Amino acid sequence: MDKVTPQAVREAIINCFYNAHCADTGLNNDEAVGRSYCTSIVKKAFVDQGVDFEHPTKEGILKVVGTLAEFSKNFRSQEIIEQHKQEIMDLVNKMTE
């Protein structure tokens, strides 16, 4: 099993959020803008939860995932949210701190 770092999970969260959120917003027409936008939303979730974006912990990542799942309910179906949440949880379970 490959080692999964907290930073790799953080990047996976950004990728999942970009893929799930930007698909219907038109931001995916300009990937750089879309990724920047989604990264800022993810960073805000880290800040709001008091989690260090650069050096997140497993506990911190779990808080952020919950926050983003709640936020996403305004934009995406529960099915898509759960799919992406499960992908992140699979990584969290493999994570080494």
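Where a number appears in this text, it was derived from the coordinates with a stated rule and is not lab data. As the structure is a computational prediction, the values presented were derived from the model and not from experiment. Ideal geometry is used to build each Cβ from the backbone, glycine not excepted, and the neighbour counts take in all protein chains shown.
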- Message: Looking at Cys22, Cys16 in this structure, which one is within 10 Å of the chain's Cα centre (by Cα) and either in contact (Cβ under 8 Å) with a residue 60 or more places away in the chain or crowded, with 17+ Cβ neighbours inside 10 Å (or both)?
- Response: Cys16
- The one condition Glu87 fails out of (1) within 14 Å of Ala12 (Cα to Cα); (2) touching a residue at least 40 places away in the same chain (Cβ under 8 Å); (3) more than 11 Å from the chain's Cα centre (by Cα) is (3)
- Message: For region 52-66: of the residues being crowded, with 17+ Cβ neighbours inside 10 Å and of a type in the set (Val, Ile, Thr), which is farthest from Lys94 (Cα to Cα)?
- Response: Val64
- Query: In region 83-97, which residues are among the acidic types (Asp, Glu) and outside any loop (DSSP other than H, G, I, E, B)?
  - Reply: Glu87, Asp90
